[in-house]
Amino acid sequence: MSHALVHWISGPVLHARAEAPFGLREAVRVGPQALLGEVVRLDGDTIVVQVYEDTTGLRPGIEVCGDGLPLSIHLGPGLLGHIFDGLLRPLSGLDTPHVTPGMRRAPPGEFDFEPLLEAGAALAGGQAYGQVRGESGRVQRCIAPPDADGSVEWIAAAGRCSELDTVCRIRTAEGRLCELAMGHDWPVRQPRPVRARLPAGAPLVTGQRILDSLFPVALGGKAAIPGGFGTGKTVLLEALAKGCNADVIVYLGCGERGNELAGVLEEFPTLTDPRSGGPLMDRTVVIANTSNMPVAAREASIYSAVTVAEYFRDQGLDVALMADSTSRWAEALREVSGRFGELPGEGGYPAYLSSRLADFYERAAVVETLGGGRGSVTLIGAISPPSGDFSEPVTSHTKRYVRAYWALDVKRAQARFYPAVHPLQSYAEDARGFASWWAGQGNGDWLKMRRRFLTLLDEQAHLERMARIIGKDALPVRQQLTLFCAELINEAFLRQSAFSEIDRVCSPQRQAAMMRLIMRFIDLAEAAVAAGLHPERLARLDSLRPLQRMGEEFADDALERFAELEARLDSEFAALGGTPAVNEDSHATER
Ligand code: ADP
Ligand code: MG
C-alpha cells in the first residue's frame, strides 16, 4: 500500500513525501485518526493532499496512507430521509457533535430485501436485481453497479438484511465472482454512466406561478437563482423542495450559516408530501456543509450531492437537486486553490472555475438509464453574488450554462414582493418547447398568454420611467391601462407567499385558471377603454379585489370558483357597457 510522510501543512492542504507511488485523486488516510483526504497533485515524489476534516493539531512527520481507490461515497437504500455531511457521513443535526474523525460512511442500516431475479438470470450494469422497503415503507431498487456484467449465481431470499450483507453473487463472462450488497460505492467526482441522453420534453412543475408559467425549467434541465442577501433564495429553494413534482429531492446546504439550514432540518421532518401523503423527508436527502465545517469538504459536497442525484435517476426516478449556494462552493474552491499556490484569476477564483461550473451543470439530464428505464436530474443552484452584483464571475459563468435564470431583485424583496423573481431580468430558454405540455394541462393558449404577460410587464417598465417624469395622469389612457394591467399581473399572479397555506404550491390547473381569468379581465378592460371607459374606473370594480386575492383564496380543489368569478367579471363589465358584445353607444355615460 502506498504511503508518505507529511512535511508541510497549511489548513486543509498537506505536502507529503511519497515512499511508494500514489494515484491522482486517490483517497488517503492521514495521521493516527485516519482523517479522510484526497491526492490532488503529484509533483515528483511530493504529493499534495486535500483533507476533508479538521487538520488542527496535525504535525509534520505523520503518515499518509493510500486507499488505492478514488475518493468514493456509498450509495444505497439508507440515503433517503437522512442528513449527511459533504462526504455522505451521517449528521443527526447541525448542533450535535459531527462525524467522528476518520469516519468513512454511515453505519449500515437494515432493510427488507426482496429479490427481483432468479439464479441463472443475466445481470448487466444498472439493472435492478432486488428491491428494499425502507423504514417508511417506500420501495427502492437495488441496482447493479454500472460495471457489473454476468449471470446470477445466487440471490438471497426475501428477508431482513444488513446493508453490508451480500445479497447477490454474479459470475462474469471471464469467470470472476462478484458479490453485490444492496448498494455500492461510487467515485464522487465521476459522473455515472447512462445509455443515452434524451431530449427534455416536460417542465419540472415547481408550484411557483412565476416559474412554471413564465420561466419554466425542463425536467432534467438546469436553473440558477442569483440574488443578493435576503432576497429569498433559501425560501424559494425550500419552497421548490417541498412543492415540486420530482420523485426525490437532494437538498444541498453548502457553506451557508447553520441557521440558514435550520428551516430545512426543523421543518421538513414535520411536513407531509402532498403527492404520497407520507412524510416529506421520505423523498429527501439533505447534504449539509455549513460555514463552520471544513472548507475542503464543502468543495466535495457538490459532487457528492449530484452523484446521489444520479444514483436515484439510475433507478428510473425524476430527481431535483437544490444547491444553496454555489457561490459558497466557489469560495471553497478559491480558498483551497489559494493554499495550493495556484495563480488566481478573475475575482481571485482559479482559472478552472468556469469549467468546474460547466461540469456540474452538465450532469443535469433526462436519460435512458443503463437498466433501460428513464430518469432525470434537474439542477437548481442559488448564487449569492457579493453585494448583489450579477456581473461577478460565479453569476456570469453560471449564466452561460443554465437554461433557466431566475434573477431575484433587491427592490422587489425590499417591497416584500415574493418571490422576488424579476420578470424582465429572468429568462427560460426552453419555454417554447412546453406549449404542448401546457395544452395537455388544459391551457392550449399558454404560449400566447405568456407572451402577452411578458410584453405588458416590459411595457410597464418603460411607462413607469415616463410616468415618473411627466406624471401618470399625463400618459395617454391606453398607456394608463397598460400600467393597470401589468400591476394586476404582478399582484394577482406573480405574488405568491411561501407561507400561505393555500398558495404556497399552485397546481398547473390553477395557474392556468388564474392566467385565463387575468387575460379575460385584460381583454374586457381593453375593449371597455377602447370604447371610452377611463382606466381609473377599473380600480373601483367590485370584482377587482377578489381577482387580486384569488391566489390566496381559491384553493387547488376549488377551481369552480374561478368560473364563478369570471361570470361576475363578465356581468360587471356588461353593466359598465364595455364588453365587446355590447352596443358601442352605451359607453357615453362613462366618459
Ligand atoms: P436569502 O437566502 O436570499 O438570503 P431568505 O430566503 O432567507 O433570503 O429570505 C429572507 C426573508 O424574506 C425570509 O425570512 C422571509 O421572511 C422573506 N421571504 C423570502 N421569500 C419569500 C416568499 N417566497 N414568501 C414569503 N416570504 C419570503
Ligand atoms: Mg439564504
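Computed from the coordinates by the stated procedures, all read-outs in this text should not be read as laboratory data. Please read all numbers here as calculations on a predicted model, not as lab measurements. Note that each Cβ is placed from the backbone with ideal geometry, even for glycine, and that neighbours are counted across all protein chains shown.
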Over the chain, what is the mean sequence separation of C-alpha contacts under 8 Å (at least six apart), divided by residue count, expressed as relative contact order in percent?
12 percent
Mean separation of Cα contacts under 8 Å (6+ apart) over length of the stretch 446-588, as relative contact order %:
26 percent
Taking Cα pairs under 8 Å and at least six residues apart, what relative contact order does the stretch 3-72 come out at, in percent?
40 percent
Counted neighbours (other Cβ, 10 Å), sorted fewest up, put V132, V205 in the order V205, V132
So for M550, M519, M182, fewest C-beta neighbours within 10 Å to most, what's the order?
M519, M550, M182
May I ask for the angle, rounded to the nearest 10°, between helix 544-553 and the longest principal axis of the chain, with both axes built from Cα atoms and the value confined to 0 to 90°?
20 degrees
The stretch 76-227 - charge dipole about Cα centre, Lys and Arg +1 at Cβ, Asp and Glu -1, debye rounded to 20
540 debye
Positive-end extreme of charge dipole, the chain - chosen from V39, M519, P108 (charges on Cβ):
M519
Taking Cα atoms, how many degrees apart are the long axis of helix 295-313 and the longest axis of the chain, rounded to 10 and kept between 0 and 90?
80 degrees
Debye, to nearest 20: dipole size of the stretch 107-183, +1 on Lys, Arg Cβ, -1 on Asp, Glu Cβ:
120 debye
Any idea what the dipole of the chain comes to, in debye rounded to 20, about its Cα centre with Lys/Arg Cβ at +1 and Asp/Glu Cβ at -1?
860 debye
Long-range HN-HN contacts of T272 with modeled amide H, under 5 Å
L280
Principal axes of the chain: Cα extent on each, largest first, Å:
96, 56, 39
In what sequence do E238, E564, E491 fall when counting other Cβ within 10 Å, fewest first?
E564, E491, E238
Among C168, V377, G126, whose Cα projects farthest towards the positive end of the dipole of the chain, with charges put on the beta-carbon of Lys, Arg (+1) and Asp, Glu (-1)?
V377
Candidate lysines - alpha carbon under 24 Å from K242, same-chain residues fewer than 8 apart omitted
K222, K233
Excluding M466 itself, calculate the net charge of residues whose Cβ lies under 11 Å from the Cβ of M466, where each Lys or Arg counts +1 and each Asp or Glu counts -1.
+1
Given the peptides 102-110, 382-390, arrange them by the average over their residues of other C-beta atoms within 10 Å, most packed first.
382-390, 102-110
Of the candidates A323, P77, G221, the farthest towards the positive dipole end of the chain (Lys/Arg Cβ +1, Asp/Glu Cβ -1, centred on the Cα centre) is G221
I need the semi-axes of the equivalent ellipsoid of the stretch 200-432: take the C-alpha gyration tensor, multiply each eigenvalue by 5, square-root it, list largest first in whole angstrom.
25, 21, 19
What is the stretch 446-588 by shape, rounded, prolate or oblate, if you read a ≥ b ≥ c off the alpha carbon gyration tensor as root eigenvalues and call it rounded for a/c under 1.5, prolate for a/b larger than b/c, and oblate otherwise?
oblate
Please report the spacing between the Cα centers of the stretch 160-216 and the stretch 117-135 in Å, no decimals.
13 Å
In terms of modelled amide H atoms, which long-range or inter-chain residues lie less than 5 Å from the amide H of A181?
V167
Please quote Rg/Rh for the stretch 288-383 to two decimal places, taking the Kirkwood radius as Rh and restricting both calculations to Cα atoms.
1.04
